[in-house]
1. Could you tally the net charge around GLY216, taking each other residue with its Cβ under 15 Å from the Cβ of GLY216, Lys/Arg +1 and Asp/Glu -1?
2. May I ask which of LYS162/LYS448; LYS167/LYS314; LYS227/LYS284 have a Cα-Cα span longer than 25 Å here?
3. About its Cα centre, how strong a charge dipole does the stretch 282-385 have in debye, to the nearest 20, once Lys and Arg get +1 and Asp and Glu get -1 at the Cβ?
4. Using only Cα atoms, locate the centre of the stretch 187-202 and the centre of the stretch 419-447, then give the distance between them in Å, rounded to an integer.
5. When the dipole is taken about the Cα centre of the stretch 124-168, and only Lys, Arg (+1) and Asp, Glu (-1) are charged at their Cβ, what size is it in debye, to the nearest 20?
6. How big is the dipole moment of the stretch 326-468 about its Cα centre under a simple scheme where the beta carbon of each Lys and Arg is +1, that of each Asp and Glu is -1, and everything else is neutral? Debye, nearest 20, please.
7. Arrange the following residues from fewest to most other Cβ atoms within 10 Å of their Cβ: ILE350, ILE127, ILE378.
8. Quick one: net charge of ILE400's neighbours, Cβ under 14 Å, K/R +1, D/E -1?
Amino acid sequence: MAAIARLLYLINQYVIHMITLPTRVKATFLKLKRANSKYIEIKHIKNYYFVYQSTSRWDKEKKRPVKVPLYLGRITNTGIFIQVKTRKQREVVPQEISETAPEVDAGQKTLETAIREEKRYKHEPAILTALSMNGRIPMSVLGKIVGLKETAISLQVRKLEKRYGIKYLAEIDATKFGYTQFLVTVEFLDTMPKIDELQKILLGDARVQLGLIAKGDFNLAIYVLAKDSDEINAVVGKLRESIHHKSIWVTSPLQEGYGFVPLRTEFLDLIKDKLLVREYSILKELIINGNADFSGIDRKYNFDSGRAQYSFHKLKEQGIIKRITISMHNLSIRYVGIIIKTVIDRDMYIENYRERSLLDIAEDPGNNLNAYLLVDDIVSPDGVVLFMPVFNDGDLEHKIESMSDPNLGIRVKSLIISNILVGNFCFRKFDNTYSMQMDVLSEIYGLKIPQRIDYEETGRKKKESREYGRDIRGLKPELI
């Protein structure tokens, strides 16, 4: 009877606990339970939602099995499951759970240790956001934003650059040169061309900025920059002549809504006549390395001292360079999914889904990357295409399921990118308070925008270079 009473008590406590969990945390946890054949539990400690698998081991001294939880990761308040970082899963023994308070074996880590490890990374989102918004931000200003001293923030940035394989690049607005972005999708009806041949063909046209192999309704997605319909038709015609396979090609003009496709350096040769020599040179250098030293560019091209820096600020004032940003290339992403939402009932879409759709894009998922890499409005047919980084199996399906209500006025399709042939995405942590979606939410739906951080504010004059030298952000070279 005591055992039955104990079981009923535990079930009752579990039900009460699940009711008090935040809606998104609960939904994610239930999804994990369905996907996991093992028994998993969730524990709310110090504003963290920890997920662990219940296991046991035989205690020789006590001559009975004792409970040994295995730490799996945590769920953020927004419902994002962040898996444990180490490849080898860590065993943790929360003292609040173990009634017998078993001794911790060698190699096991307590839940408090896991919390301390999470705190080690607490500045990462803020730092990565600042670098995404202004890759050349002075370390003194970044330190003030994050709340660390200049020496400490410099060390943190160096560590993050190494950990995530951070590259600096210029975000350039090609519309300033009269170009429009087009999405070309190709469905091959019999066999696929050889990948190396297809890649060579796409690389041969400087107007192609991104080429993706996909699994789903189409096999190839191409982002092309063209001045008008005549030029995009010429590009598509040339590509079709080179790719001798039965196929269906669909071309749609896009309006950039969130994120951007990094430009290839070859594209600059198409607009060279619209730029001064030094403007062309600075753009080329910053596409390759957005954190390049201006004085080094002056020396490389024999410019007068200060001309590269002057050209950079002039291009920013003209809106040609939106910002210097970052892209992280060492991420545990399983794949990038494509979600295509087509509006089939506009009145229903506006009434039941538009606000939610904007919130979905602008919301911070609570990790070191935005929820979407790229979001573009499709002009024809009316809709939107989203590129979603997927960290865990089932995340894309869960997202599609949340969009599949027939009352939303949309039709949803999804694909998976299996290969990138040309170009790349920008993997960054954009500050969504500056997003177009947040502006629309504020103007139309009355959402209050949080106070925006001024990432361009210099705070004070930069220190003069010391004997060891510093880069444009005030960082020491690789001496740390």
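1. On the way: positive: LYS215, LYS341, LYS399, ARG411, LYS413; negative: GLU187, ASP217, GLU397.
With Lys, Arg at +1 and Asp, Glu at -1, the net is +2.
2. Working: LYS162/LYS448 37 Å; LYS167/LYS314 23 Å; LYS227/LYS284 21 Å.
The answer is LYS162/LYS448.
3. Working: 13 positive and 15 negative charges, 122 e Å.
About 580 debye.
4. 31
5. Working: 8 positive and 3 negative charges, 26 e Å.
The dipole of the stretch 124-168 has a size of about 120 debye.
6. On the way: 17 positive and 23 negative charges, 121 e Å.
Taking the Cα centre of the stretch 326-468 as origin, the dipole is about 580 debye.
7. Working: ILE350 13, ILE127 23, ILE378 19.
Lowest to highest Cβ neighbour count: ILE350, ILE378, ILE127.
8. Working: positive: LYS31, LYS341, LYS399, ARG411, LYS413; negative: ASP217, ASP360, ASP393, ASP395, GLU397, GLU401, ASP405.
Local net charge: -2.
Values in this text are rule-based calculations from the coordinates and carry no lab data. As the structure is a computational prediction, the values presented were derived from the model and not from experiment. Neighbour counts run over all protein chains shown; Cβ positions are idealised from the backbone, glycine included.
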